[in-house]
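What follows is a short report on a single structure.
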Amino acid sequence: MTATAEEMPPPDAIRRRDVFGAEITKITTLPGTVIMMIIGAVANLALAAVDVSGVRFSTGATPSRLSTFGMVMLAPVYAFLVMPVTAAASEHRDGQLRLSLVAVPGRRVLAAGAWLAMMSTAVVGAVVALAPARLIVALVDQTGATAFAIDLGRWV
């Protein structure tokens with residue numbers, strides 16, 4: 001049985017929150033997303049352990065802690081750059097893109113939902129990967145909860 005034009009809902013009938021929810025489900029159920037979050041968290045914990053162990057790195061006149069090198073401490077977060085590539089590649093490889101385009105006739109709605117889902121997933125993933133390591137550094141430095149929250153916000 002085929003659907004006629006009268007039976008099809010208009011493009012405006014598709015709710016944006018449903019598109020966002022579908023994209024979030026698609027991204028979070030990919031094995032690559034979970035693997036990247038685990039890799040990011042473990043690598044960041046290892047860097048935090050090196051930072052709080054007292055090892056100093058000489059970059060010039062004075063030795064410094066590892067946490068003063070922001071790019072090194074953010075290296076595990078670069079794993080999250082793989083998430084959008086994995087999501088897009090799996091959508092094309094598995095044929096989900098055709099289903100998404102049929103289910104959501106409004107391309108702008110689909111693109112906005114996918115972008116918002118990816119950004120939301122990346123922010124949550126960054127907090128999950130960074131929070132334990134930043135907490136270790138905050139406990140060793142004996143800073144308060146407010147300083148920890150500010151530091152975590154700065155890193156995310």
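The values are calculated or read from the model by the stated rules, or taken from the named source; none is laboratory data. Remember, it's a predicted structure, so these values are computed and weren't measured experimentally. Protein only, heavy atoms only, side chains kept; ligands, DNA and RNA dropped before computing areas. Shrake-Rupley method; radii C 1.70, N 1.55, O 1.52, S 1.80 Å.
A few notes on this one:
- Fraction of accessible area attributable to carbon and sulfur, the chain (%, probe 1.4 Å): 70 percent
- Of R108, R16, the residue with the largest accessible area leads and the full order is R108, R16 (1.4 Å probe).
- Sequence-ordered 3J(HN,Hα) estimates for segment 23-31 from the Karplus curve with 6.51, -1.76 and 1.60 and θ = phi - 60° stand at 5, 4, 4, 5, 6, 6, 8, 6, x Hz, glycine and proline given as x.
- Compared with the direct C-alpha span, the chain from L97 to V123 gains 7.0 nm at full extension, assuming 0.36 nm per residue.
- Solvent exposure of the chain as accessible area per residue, Å², 1.4 Å probe: 63 Å²
- Computed over the chain, the per-residue total of -39500 (n - 2.57) for DSSP H runs of n ≥ 4 gives a 222 nm mean residue ellipticity of -22000 deg cm²/dmol, rounded to 500.
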